[in-house]
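The structure under discussion appears below in the form of structure tokens.
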């Protein structure tokens, strides 16, 4: 998956997330900012190495999608209230989960 604050083509986005597992369903977690528009595309590579560079269709990578982070940041809280969860980089930043399923 590739994403950023600007619309673009595959390999032009600022951020990249990948999962090398050969499965049909992937879930990606993005650290994003409040009140921003994000553009993203997802792509896949099969066991033979066929990926977005070898594709001649608009399905791999996907057509560009957009999302907008909305809402308000949570009130300031004491860092000790994080319950020791090391997976949360900053509890005051919004998090977006993208679930990608191949047909």
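Computed over segment 1-42, the P(r) tail beyond 14 angstrom holds 48 percent of alpha carbon pairs. Note that segment 1-71 carries a Kirkwood radius of 13.0 Å, evaluated over its alpha carbons pair by pair.
Where does each of 46-52, 6-12 land if you order them by average Cβ count within 10 Å, highest first?
Details: 46-52: 10.7, 6-12: 12.4.
Most protected by this proxy first, the peptides run 6-12, 46-52.
We did not get these values from a lab; they are worked out from the coordinates using the rules stated. Since the structure is predicted, the reported quantities are computational estimates derived from the model, not experimental observations. Glycine gets a Cβ as well: all are built from the backbone with ideal geometry, and neighbour counts include every protein chain shown.
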